[in-house]
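Engineer: First, the structure itself, so that you have it in front of you.
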Amino acid sequence: MLATVTVISTGEELVRGRIADSNAAFLAAQLGAHGFEVLRLVAVGDNPDALRDELLRCLADSRAVLVSGGLGPTADDRTRRAIAEAVGRDLVEDEESRRHVTQRLRRFGVQVSAAQCSQSLFPAGSVIFPNERGTARGFACRLDESWVVAMPGVPDEMRAMFSGSVLPFLLGELAPAGCIRTEVVHLFPVSEAVVDEGLRDVMGADRNPAVGITVNDGVITVSFRARAASEDEAEELVRADVALVEERFGDLVFGRGDVTLAGALSAALERAGRTVAVAESVTGGLVGHMLVDVPGISRFFLADVVAYGNEAKVRQLGVPPEQIERHGAVSSEVAEAMAAGICRVTGAGLGLSTTGIAGPTGGSEQKPVGLVHVGVCLDGRTTACKLLLRGDRRRIKDRAAKHALNLARLALAKGVDSLGKYRTMWTALGSERRPGDGGEIR
């Protein structure tokens with residue numbers, strides 16, 4: 001029997017749009033990667049009757065229904081009672097779970113109340129899952145040939161419980177048929193439409209591997225999911241598709257898995273044995289922020305100078321004031337001088353700079369909002385790339401920072417002189433729609 005799964009997230013904050021449902025995304029990705037067929041993701045408010053009815057609907061076609069949220073001690077935590085009603089069981093107290101709740105609360109100086117102790121109630125006959133990060137333990141109970149699994153809604157508690165207890169339980173009880181291999185490949189800068197056009201021949205609905213395209217803040221991700229009788233066969237199917245994407249899109253591919261543009265630059269710095277320093281104006285420290293999110297970046301990242309005003313560019317980076325007077329702060333000349341200046345000041349082998357107009361005001365006909373110059377200096381050779389970016393202030397800053405990281409990655413791989421062709425393509429946004437072009441076509 002196919003191991004079909006439904007994921008239900010509970011909470012008024014989800015159905016009212018106050019927070020994004022990160023739990024459902026995590027569970028769907030993990031379940032899919034381990035061979036389960038995820039039928040649907042559902043969000044339900046704090047109404048126990050609605051949750052009970054939704055559970056019964058989902059159990060009609062799902063071997064397992066995973067519920068996150070509503071296991072705590074507050075009045076709106078009603079998941080355990082709704083599940084008990086759906087499976088026709090009484091709630092009974094588990095003594096070990098009551099001790100867990102009591103000891104954990106006392107350790108933190110919290111008074112143990114009757115409401116807190118309700119976290120030790122479970123539908124009769126449940127399998128109980130430990131929670132080392134909180135008071136609410138999870139549980140699983142059977143209805144006919146299917147399972148209902150409940151986990152806390154706090155993301156770090158849910159993820160630890162799923163990985164440590166729930167996933168092994170599901171694999172033991174449901175045993176998905178065949179082997180699943182998944183992979184994701186990331187591209188930048190390119191549009192979803194261009195990638196779709198370049199991969200349309202491998203995106204059939206019934207194809208194995210299944211291929212999907214998503215976009216998140218300018219980064220395109222191509223996902224692959226192969227099902228096969230053996231791990232080796234599934235691995236080979238995915239490997240062939242990844243190679244195809246890398247062949248068709250070349251330098252636009254910057255990484256796989258959870259690699260970010262900053263992570264890709266960190267890896268390039270390690271391969272080249274180089275260090276980097278950044279001089280930022282328009283991005284206001286965002287390039288540095290992205291870099292320090294990479295574990296171990298301190299080995300390569302020397303400094304980040306935010307020189308927002310013209311005087312700071314002159315004093316901190318040594319930008320000649322006559323260049324600012326002649327060309328303006330938002331210019332390729334000043335971007336190059338900033339990149340060279342940060343190398344001179346810090347001794348870094350690679351210097352990176354950004355200067356531009358993020359808007360919504362400050363633009364002109366000659367220098368519109370969204371105009372950004374990124375400077376790169378490598379071993380004393382400098383260049384600057386001109387970007388014409390679209391969107392609000394946040395988006396322009398985000399894209400400028402990502403372009404800067406990507407230009408640095410490419411400079412390390414191919415040299416500063418190679419960036420000329422990327423500069424031309426990125427300036428003419430939307431002029432081409434061929435796979436391999438660099439413009440953001442949105």
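The values are calculated or read from the model by the stated rules, or taken from the named source; none is laboratory data. Because the structure is a prediction, the values reported are computed rather than measured. Cβ atoms come from the backbone with ideal geometry, glycine included; neighbour counts cover every protein chain shown.
Engineer: Just the residues that are in a strand (DSSP E or B), among the charged types (D, E, K, R) and at pLDDT below 95, please, taken from the stretch 137-182.
Structural biologist: Arg181
Engineer: Please indicate, with yes or no, whether at least one residue in the stretch 116-123 is touching a Lys or Arg at 6+ places or on another chain (Cβ under 7 Å), among the aliphatic types (A, V, I, L, M) and farther than 16 Å from Ser68 by Cβ.
Structural biologist: Yes, the conditions are met somewhere in the stretch 116-123.
Engineer: Enumerate the pairs (first residue in the stretch 93-116 and under 10 Å from Thr135 (Cβ atoms); second residue anywhere and at pLDDT below 90 and surrounded by 10 or more Cβ atoms within 10 Å (Cβ to Cβ)) with beta-carbon separation below 6 Å, excluding pairs fewer than 6 apart on the same chain, so at least 6 apart or on different chains.
Structural biologist: Thr102/Val112; Leu105/Val112
Engineer: Here is a further query. Please go through (1) loosely packed, with under 13 Cβ neighbours inside 10 Å; (2) modelled with pLDDT of 95 or more; (3) over 24 Å from the mean Cα position of the chain (by Cα); (4) hydrophobic (A, V, I, L, M, F, W, C) for Ala243 and return the number of the only condition it doesn't satisfy.
Structural biologist: (3)
Engineer: Out of Gly109, Gly138, Gly153, Gly125, which single residue is surrounded by fewer than 15 Cβ atoms within 10 Å (Cβ to Cβ), in contact with a strand residue (DSSP E or B) (Cβ under 9 Å, 6 or more places away or on another chain) and of a type outside the set (Ser, Thr, Tyr)?
Structural biologist: After ruling out the rest, the residue left standing is Gly125.
Engineer: Can you name the condition, by its number, that Arg248 falls short on among (1) closer than 23 Å to Val294 by Cβ; (2) over 22 Å from the mean Cα position of the chain (by Cα)?
Structural biologist: The one condition Arg248 does not meet is (1).
Engineer: Something else: So Ile19 fits all but one of (1) among the β-branched types (Val, Ile, Thr); (2) in a strand (DSSP E or B); (3) surrounded by fewer than 16 Cβ atoms within 10 Å (Cβ to Cβ); what number is the exception?
Structural biologist: Condition (2) is where Ile19 drops out.
Engineer: Further question on the same structure: Being within 34 Å of the chain's Cα centre (by Cα) and either touching a residue at least 12 places away in the same chain (Cβ under 8 Å) or over 25 Å from Asp61 (Cβ atoms) (or both) narrows it down to one of Phe122, Phe139, so name that one.
Structural biologist: Phe139
Engineer: Within the stretch 286-401, considering only helices (runs of 4 or more DSSP H) that don't extend past its boundaries, which have at least 3 residues that are in contact (Cβ under 8 Å) with a residue 24 or more places away in the chain and not aliphatic (A, V, I, L, M)?
Structural biologist: Details: elements: 286-292, 310-317, 321-327, 332-346.
Qualifying helices (runs of 4 or more DSSP H): 332-346.
Engineer: Follow-up question, since we're still on this one. Return the residue satisfying two criteria in turn: it lies in the stretch 38-57 and is within 28 Å of Ile180 (Cβ to Cβ) and in contact (Cβ under 8 Å) with a residue 40 or more places away in the chain, and of such residues it is surrounded by the fewest Cβ atoms within 10 Å (Cβ to Cβ).
Structural biologist: So the residue we want is Glu54.
Engineer: To continue, here is another question. Mind counting the residues in the stretch 220-255 that are of a type in the set (Lys, Arg), under 21 Å from Asp206 (Cβ atoms) and touching a helix residue (DSSP H, G or I) at 6+ places or on another chain (Cβ under 8 Å)?
Structural biologist: Going through the stretch 220-255, the residues of a type in the set (Lys, Arg) turn out to be 225, 227, 239, 248.
From the residues that got through so far, the ones that are under 21 Å from Asp206 (Cβ atoms) too are 225, 227, 239.
Add one more test, that the residue is touching a helix residue (DSSP H, G or I) at 6+ places or on another chain (Cβ under 8 Å), and what stays is 225, 227.
Residues in the stretch 220-255 being of a type in the set (Lys, Arg), under 21 Å from Asp206 (Cβ atoms) and touching a helix residue (DSSP H, G or I) at 6+ places or on another chain (Cβ under 8 Å): 2 in total.
Engineer: I'd like the full set of residues that are charged (D, E, K, R) and in a strand (DSSP E or B), limited to the stretch 266-285. Quick ask: steps written out before the conclusion?
Structural biologist: Kept after step one, since they are charged (D, E, K, R), are these residues of the stretch 266-285: 270-271, 274, 280.
Glu280, the sole residue that qualifies.
Engineer: Asp77 fails exactly one of the following numbered conditions: (1) more than 23 Å from Leu167 (Cα to Cα); (2) of a type in the set (Asp, Glu); (3) at pLDDT 95 or above. What is the number of that condition?
Structural biologist: So Asp77 meets the others, but not (3).
Engineer: Condition (residue is more than 15 Å from the chain's Cα centre (by Cα), closer than 19 Å to Asn406 by Cβ, not in a loop (DSSP other than H, G, I, E, B) and not aromatic (Phe, Trp, Tyr)) applied to the stretch 213-230: is it met by at least one residue?
Structural biologist: No; the residues of the stretch 213-230 include none that is more than 15 Å from the chain's Cα centre (by Cα), closer than 19 Å to Asn406 by Cβ, not in a loop (DSSP other than H, G, I, E, B) and not aromatic (Phe, Trp, Tyr).
Engineer: Still on this structure, I have one more. Can Asp251 be described as modelled with pLDDT under 95, assigned to a helix (DSSP H, G or I) and closer than 28 Å to Lys402 by Cβ?
Structural biologist: yes
For (1) more than 18 Å from Pro155 (Cα to Cα); (2) more than 31 Å from the chain's Cα centre (by Cα); (3) assigned by TED's automatic domain parsing to the domain that holds Glu145, each residue gets a yes or a no:
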residue	(1), (2), (3)
Cys58	yes, no, yes
Asp61	yes, no, yes
Val67	no, no, yes
His100	yes, yes, yes
Leu105	yes, yes, yes
